[in-house]
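J.: Dumping the structure here so I can ask a few things about it.
A short reminder: the numbers here are calculations on the coordinates, not readings from a lab. Computed from a prediction, not measured in an experiment: that's the story for all the values here. As a convention, Cβ positions derive from the backbone with ideal geometry for all residues, glycine included, and neighbour counts pool all protein chains shown.
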Amino acid sequence: MKYIVKCFTLLICFYSHFLAVKGQDTNVVFGSVQDKMPYSKPIDFFQLEKNCGFIIGDKKTKLPYKFFFFDSSLALISETEIKFSANAGYVQSMFVNNQLHFFCSKTNELGEQELLVQKVGKDGFISAPSILTKYKNNGGYKTAFKVSVSSDHKKVVVLVEQPFQKDKKEKITLIVFDGALKLQKITTKTLDVFVKHKRKNFPIIANDGSVYVLKKFYNKKSQFYIYFFNNETKEQAKINLRNRDVISLMYTISENGVLNVFGFFSSPLHVNYEGVFSLRYNKSVLPEFRNEVFLTEKMVHSFKSKKEIKSKGYGLDNFHLKSIIVDSLNNTFLIAEHFKINNEKNITEHYRKGLIVVRFNKKGNFVWGEPLLLEQHEKYVKKENSWSSSIPFIFNNKLNVIHNSVNYKAKKSDEILGNSIFNSSWVSFDKNGMTSKISTTKINDFSGERMSLLPKLISQQENELILLMQNENKNKFRLIKISLK
């Protein structure tokens, strides 16, 4: 394995890396129009045999408030209000043993924190809640639950974050259930960090029952830890690179319990994105593989001028890790997004200059990294959903990105296609990182009130995408189904 390599790209390659418009054989089904609140956000979407379920929630409270049940043509069958008591909260929704489950948390009359579960039938019926587990709270400090399911949906791990106690080391409990939610094992671990009010712990369970926990801990700077649990084994370690600090990460896990961690590292002088890394853990907290690479000149110069690099350093500023996607060949795509809030006169602007896309091969080695400039300028409206950002997905083992052309600063507006509020663009990356444009004509070809895409992938089932459109007032929506061929 090579040590850190700084990659340089010839300027001529940048100019030859052009966009060509291609046709895409797509069939689009437009669902029925439904009412929603302007501050709603999509929570989850599920296939229930030929039908499907869609949950929307309150963007501010993060609580789901309505469950929509659609048929295969996205026509509404029924809708159900989801009500929470004042002392209850939503945890997660997921498939367990091929059935949809809602997980919620509630404080009972004894001051205990309960983890509740509700099953959703294939007809959309939501069962009454049952108690999965419960733990004591510590006065006003409550127990928190994090839930994760294996890729075969037959094992569930619940991470119990014990209540805050001043000057105490953090304590967690891990509970493993089978597909029928029967208790398999339980273990408690005191971590080597002091407990904080807000914690970022991410439990992960493999099909073989191996459990990892990734933790983000802030002490003057962001630090990341990994924990591994298997029967009596309880290991922990800090995630370190050779000579840089990890600033953000995401993961994938194989069926046999191999954990792959991908992310970005920062420069020693500035908190920014200077390079990428990949780590592989095989039922241990010590990596068996490591790959670290600086961002290429092309990626950096696409977002920063020479003057900015001289004053602020080589790394990319105002970026956050957006998503991680794996294709059927086990290539991994890591996607980071530029995002900056600008205050100009009486306007708060959300500015997204673009994306950086990094491809790793199945061994975890860096293959290529490319910029994708979007230049999205949007006036921020409090509580409401944004029109900007993007929708990445995989088709035919190629990364694709759909985004809206949002720019209130544009002196000349483009001609709007079809019945959309904004034009949508569709870009596809080939195996070498070359980009081409795909036609979006059929996405804009619908009747009724003008709408545009919310920049979020609602669902993908093989060659079928589910996306969401909303009207200009953001109080109506429709799902659309795009069949790719």
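J.: Can you run phi through the Karplus equation (6.51, -1.76, 1.60; θ = phi - 60°) for the stretch 118-124 and list ³J(HN,Hα) in whole Hz, with x for Gly and Pro?
T.: Karplus-based 3J(HN,Hα) across the stretch 118-124 equals 10, 9, 10, x, 5, 8, x Hz.
J.: Need the C-alpha centroid separation for the stretch 109-158 versus the stretch 26-87, integer Å.
T.: 21 Å
J.: Arrange the following residues from fewest to most other Cβ atoms within 10 Å of their Cβ: 335, 341.
T.: In order of increasing Cβ crowding within 10 Å: 341, 335.
J.: Using 1/(1 + (r/R0)^6) with R0 = 45 angstrom and r between the beta carbons of residue 98 and residue 165, what's the FRET efficiency to the nearest 0.05?
T.: For residue 98 and residue 165, the calculated efficiency is 0.65.
J.: Can you sort 227, 273 by how many other beta carbons sit within 10 Å, fewest first?
T.: Ascending number of Cβ neighbours within 10 Å: 227, 273.
J.: Same structure again: Spin-label point model (7 Å from Cα, Cβ direction): what's the residue 254 to residue 35 distance in nm?
T.: Between residue 254 and residue 35, the simple spin-label model gives 5.2 nm.
J.: Here is a follow-up. Taking the Cα centre of the chain as the origin and placing charges on Cβ (Lys, Arg +1; Asp, Glu -1), which of 259, 324, 236 is farthest toward the positive end of the dipole?
T.: Value: 236.
J.: Here is a further query. Mind listing the long-range amide H neighbours of residue 31? Cut-off is under 5 Å, sequence gap 5 or more, other chains count too, H placed in the peptide plane at 1.01 Å from N.
T.: Those qualifying (amide H under 5 Å, at least 5 residues apart or on another chain) are 479, 480, 481.
J.: Another question, then. List the residues, sorted by chain then number, that are 5 or more residues from residue 421 or on another chain and whose placed amide H is less than 5 Å from its amide H.
T.: Distant-sequence amide H within range of residue 421: 451, 452.
J.: Now, a different point. Using amide H atoms built 1.01 Å from N in the peptide plane, name the residues 5+ places from residue 399, or on other chains, whose amide H lies under 5 Å from its own.
T.: 429
J.: Using a ≥ b ≥ c from the Cα gyration tensor of the stretch 291-354 (square roots of the eigenvalues), is it rounded, prolate or oblate, where a/c under 1.5 gives rounded and otherwise the larger of a/b and b/c decides, a/b for prolate?
T.: oblate
J.: Nothing charged except the Cβ atoms of Lys and Arg (+1) and of Asp and Glu (-1): what's the magnitude of the dipole of the chain about its Cα centre? Round to the nearest 20 debye.
T.: 1560 debye
J.: So, one more: What percent does the relative contact order of the chain come to when contacts are Cα pairs within less than 8 Å and at least six residues apart? If you can, show how the numbers build up before the last one.
T.: Values: 1151 pairs, mean separation 63.3, N = 485.
Value for the chain: 13 percent.
J.: Starting with the highest mean, order 245-254, 56-65 by the number of other Cβ atoms within 10 Å, averaged over the residues of each peptide.
T.: 245-254, 56-65
J.: Now for a separate question. Please get the size of the charge dipole for the stretch 116-237, origin at its Cα centre, with Cβ charges of +1 on Lys and Arg and -1 on Asp and Glu, quoted in debye to the nearest 20.
T.: 600 debye
J.: In nm, what is the difference between 0.36 nm times the number of residues separating residue 60 and residue 311 and their Cα-Cα distance?
T.: 86.6 nm
J.: Quick one: 3J(HN,Hα) in Hz for the stretch 328-339, Karplus 6.51/-1.76/1.60 with θ = phi - 60°, rounded, Gly and Pro as x.
T.: 6, 9, 6, 6, 10, 10, 10, 10, 10, 10, 7, 8
J.: Any idea how far apart residue 151 and residue 442 come out in nm if each label point goes 7 Å out from Cα toward Cβ?
T.: 3.0 nm
J.: Here is a further query. For the stretch 132-146, in order, what is each residue's ³J(HN,Hα) by Karplus, 6.51 cos²θ - 1.76 cosθ + 1.60 with θ = phi - 60°, in whole Hz (x at glycine and Pro)?
T.: Per-residue couplings from phi come out as 8, 6, 8, 9, 6, 8, 10, x, x, 8, 9, 6, 10, 10, 10 Hz.
J.: Efficiency by 1/(1 + (r/R0)^6): what FRET value for residue 475 and residue 200, r their Cβ-Cβ distance, R0 = 35 Å, to the nearest 0.05?
T.: 0.55
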